[in-house]
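A quick write-up on the structure given underneath.
FYI, it's all coordinate maths here, none of it is from the lab. This one's a predicted model, so the numbers in the text were calculated from it and none came from an experiment. We place every Cβ from the backbone using ideal geometry, glycine too, and count neighbours over all the protein chains shown.
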Amino acid sequence: MPMSKELPKAYEPQNYEDVIYKRWEDSGFFNPDVCVEKDVTDVNAKPFTIVLPPPNVTGTLHIGHAMMLAIEDLMTRYHRMKGDKTLWLPGTDHAAIATQTKVEKLLIEKGIKDPKKELGREKFLDEVNKFAQASHDTIVNQCKKMGSSLDWSREAFTLDEPRNLAVRTVFKKMYDDGLIYRGYRIVNWCPRCHSTLADDEVEHKDQIAKLYTFKYSKDFPIAIATTRPETKLGDTAVAVNSTDKRYAKYIGQEFVIKNFANGTDLKIKIIGDENVDVNFGTGAVGVTPAHSFADYEMYLKNNLELISVIDEDGKMTASAGKNYQGLPVKEARTKVVEHLVANGLLEKEEDVSNSLSICYRCGYAIEPIPSKQWFIDVNKKFALGDSKLNGIKTGQQVSLKDLMRQVVDSGQIEIIPERFSKTYSHWINNLRDWCISRQIWYGHQIPVWYCLMCMDKNNGIKEVLFHGENFDRTLVVGKRNSADPIVSVNQPDECPTCNCADRAKLIQDPDTLDTWFSSGLWTFSTLGWPEKTVDLQTFHPTSVLETGYDILFFWVARMVLMTTYVLGDIPFEKVYMHGLVRDEQGRKMSKSLGNVIDPLDSIAKYGADATRLSLLLGNTPGNDTRLSEEKIAGFRNFTNKLWNMARFIIANSKIKNQNSKLQLKIQNLTLADKWILSRLDATVKDVSENIENFQFSAAGEKLRDFTWSELADWYLEIAKIEGDKEEILQYILQTLLKLWHPFMPFVTEQIWSEMFGIDRMLMVESWPHLVIPTVVEESLNDFNTIQLIITTIRSARADNKIEPNKKIDATISAGAKEKLLIENSAIITGLARLEKLTIEKKAVKPENAVALVCGDMEIYLDLSGAVDIEKEKVRLTKEVEATEKFVTIMNNKLANAEFVNNAPPAVVEKEKQKLSDAQTKLEKLQTQLNNLK
RNA sequence: GGGCAAUUAGCUCAGUUGGUUAGAGCGUCUCGUUUACACCGAGAAGGUCAUAGGUUCGAAUCCUAUAUUGCCCACCA
């Protein structure tokens, strides 16, 4: 492959990106089983695994996903180059409620009024699957556009057959261990989604509500306050604090209110409860066991009656009386209030702020209603099988909560940033049993069957068994004598109780599982569990789980729960949490605000590399970050800068380096060479460390600073002056491309291929190591001296408005540094644009020269009368003042015995050096100032 | 109501265990078509690190209050 020396002047990402991705993919190197011949072959290659947090198949990826992909690809590419056996495993999530809701909406827009009813379960699911497939394809394409080096051969879906088997297997195991149970209790119900929600799927929105204070009837002795008068039709008690002198005497009494609010009769028992706040409202609470979690607790404690007055559609039930039956809650509220007013029962109506519970998927108000549902018991103790958990023995009695808490407390799982560990612990402490059944069709159907034969032989107890539109809602069946349903991984052939083998009599629970049940298994279900696969053995526990802090509870905690329970092991060693991507004003990006940055647009306009950099740099772990188009454009500029640096180096290189096994000759290096190499080494070291420590932004910033401010601004310019640098420039460029590759894979790979052809891919090159055995501290200082001289002269030129093209003469009085300056005078002359440079040991000020202080040297510039003496005086005076101030501060500091005695000697020594430097400088400045006068 | 965070240059943010005369990018100003790059180069201006106390030889950094902002959790009816 001949070297192309004519690279285009500007880097145009769209000309290369797709081609490069295809080349990567075709190479097979995304798959860790495909080996690469490495310079250093590590037979014991360490596995490094990340599972991709599966994006929901509800649509397309947003910029937050792009950030996730950028960070994970960075880690993946870094570890791959380091020689680890690196797997980044892709997949998508069926996102049950979200996807079903979305498809329903789309079908309604298409003109189907009630999609579920009109299509039926099977046809409706066909529609959902079609949508999910299309969405999946878009997502995969977007991942590729971002340059994600995912191993597509292992792709998984939370609802595919292998994952379904994992779900069924875990369900059965949990049921057998007594951790899954079916119970009748208050659940969060979304009347719009027609399903239960887990506690953490409920969001809270602050609102101003009306608080009504009233009595049930004229004869009732206690007034109560409520924001939901319509629920009072289901009240069965009034709770007061037993220490409350006003009401204590009533505790234990029962009152009957005839035809409350023209609805129904109420039987109210007065109970004492310590949780009632004497100072809020009237100090008395109407207890509605069926529609309040708190009241439900009182119901259990006090053996009250439970009357359900709101149904699954958010409408009043028959129990509320026939005047209310079928009314939406808001209308019922109005009606109750009207009654209270009309009968003089309302004592007060005031505005209070409280929080409204809403569904996190659709925003609709949640109703707490009693319902029979499946739950996971998080407090029940069970014997843990094989334990690889720190501090928990095999066979030990533990609860799921114990497991979740222990692995983080013990440090076996590290959460980054650390503060999220606290949030996590707090959440676990407040965790209640997890309601896992959902009354929707899209998802893993619960692996439970009921035998109709057994149920027919009922003992007279009736209950509504199932929910759901399509299921016969009037199906009222008896409780089986044997209370246990049939829980099985696969459809049972016969009923173990009555032995009937008629499959038609065995009906499966129509409900599906919470989507997080299946995503909780993600780290091991994707690796083939419940089969004992090589993948599972090799890649589990995974190394890092990288995700947004917004799903710490939903997902991260659930994975910890499931994995510790099922495998007795942790799902991942580290959790790295990134923040949200916001717009330039700090607002959330949303379609309605029109402030969305679509990653695909950004890639099309600025390239995938620039898009990635804008998401990787300038932020810190766990903190939200603001993104603007200007920021992305800035990084586009940088990719172009790198391109042009490479263009320059390649164009000036005579070396046809086909194998890149470049042996740098460390002898015969100039000062600048030593400097840049030691800076490069330091950069390699810093960048590696930063990446290992999850400081991706810091890593990228250091790399950028090296690339732009040191390599481009200084060394490349020096290389033009000193010449004969092909070898070292090649070395630097190659190393630099490797370092940048995890951040911006496309442009680096493209440059690499311009140098070596397409047969050798940068993606699988070895991560660079250090070349200079020891850091040459002296070289660094010496080079800094040269830099300082050049900047000082440049600055003086600018201050005195010397034309950039006009060359001037300079004399440097250098003392001990004379030799150094003579050796590097070409650099100084070139970069400071000098005609003639004279270096002397002793200061002799030429005629018409302006004098500058530069460290412990003096510089005289022949500006041929261009100097503005007055301006120069002002400048010098300012500098004298600043230096004087500093000298004073340092003098005081060093005169302070306590500082000298207490501070570490190294610090004191450093301060002394600073002072003496400053004093030398001050003397010279003052002399110069005096000379001007 | 409880908890967590943030408050540093005009803007966006760094500042890793207390030892800096407090940094970067963008923006601003001045100058510039030097054959890698105007998606560029050179130079410059700009901050009493929210406020008030305290600890310390030494505080942007640790502690205590206060203010403002954001987020999370929570059954005050």
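Maximal additional length on extending the A:Gln207-A:Ala882 stretch stands at 237.3 nm, based on 0.36 nm per residue less the C-alpha distance. Note on A:Ala383 and A:Glu727: the model spin-label points, each 7 Å out from Cα along the C-beta direction, lie 7.1 nm apart. Given their separation in residues at 0.36 nm each and the Cα-Cα distance between them, A:Thr838 and A:Gln508 gain 109.3 nm when the chain is fully extended.
Measuring r between the beta carbons of A:Asn490 and A:Lys401 and using R0 = 22 Å, the FRET efficiency lands at 0.10. Per residue and in cubic angstrom, what volume does the convex hull of the Cα atoms of region A:573-660 have? Normalising the Cα hull of region A:573-660 by residue number yields 151 Å³. Between A:Asn390 and A:Lys685, the modelled label-to-label distance comes to 2.9 nm, taking each label 7 Å out from Cα in the direction of the beta carbon.
Show me the GluC sites (Glu not before Pro) within region A:815-918 that DSSP assigns to loop and that have at most 13 other Cβ atoms within 10 Å of their Cβ.
Working: sites: A:Glu818, A:Glu823, A:Glu835, A:Glu840, A:Glu847, A:Glu858, A:Glu870, A:Glu872, A:Glu879, A:Glu881, A:Glu884, A:Glu898, A:Glu909, A:Glu911; in loops: A:Glu847.
Answer in residue order: A:Glu847.
In a DSSP loop and with at most 15 other Cβ atoms within 10 Å, the chymotrypsin sites (Phe, Trp or Tyr not before Pro) in region A:311-410 are A:Tyr364. From most to least packed by mean Cβ count within 10 Å, the peptides A:722-730, A:155-163, A:91-99 give A:91-99, A:155-163, A:722-730. For region A:571-634, GluC sites (Glu not before Pro) meeting the loop criterion (DSSP other than H, G, I, E, B) and having at most 15 other Cβ atoms within 10 Å: A:Glu584. D for region A:810-933, whole µm²/s, Stokes-Einstein with Kirkwood Rh over alpha-carbon pairs at 4 °C and 1.567 mPa s: what number? It diffuses with D of about 79 µm²/s by this estimate.
Using R₀ = 45 Å, calculate the FRET efficiency as 1/(1 + (r/R₀)^6) where r is the Cβ-Cβ separation of A:Asp176 and A:Asn279; round to 0.05. Can you show the working numbers first?
Values: r = 49 Å, r/R0 = 1.10.
About 0.35, to the nearest 0.05.
Every helix of 4 or more DSSP H residues in chain A counts as -39500 (n - 2.57), and over all residues that averages to -12500 deg cm²/dmol at 222 nm. Peptides A:222-233, A:545-556 ordered by packing proxy, namely the average of other Cβ atoms within 10 Å per residue, highest first: A:222-233, A:545-556.
Restricting attention to chain A, close to 70% of DSSP beta bridges with both partner residues there are antiparallel.
What the pair-distance distribution of chain A shows, using all Cα-Cα distances binned every 20 Å from zero, is 11, 32, 29, 18, 9, 1 percent. Remark: spin-label model distance A:Asn15-A:Lys249 equals 9.5 nm, labels positioned 7 Å along the Cα→Cβ axis. Based on alpha carbons, the Rg and Dmax found for region A:142-283 are 25.2, 75 Å.
Which length gain, in nm to one decimal place, applies between A:Ile551 and A:Tyr184 when the Cα-Cα distance is subtracted from 0.36 nm times their residue separation?
Numbers: separation 367, 0.36 × 367 = 132.12 nm, distance 2.82 nm.
Working it through step by step, the gained length comes to 129.3 nm.
Here the scattering of region A:485-572 is modelled by Debye summation over its C-alpha atoms, one equal scatterer each and no solvent; at q = 0.24 Å⁻¹ the log10 of I(q)/I(0) is -1.13.
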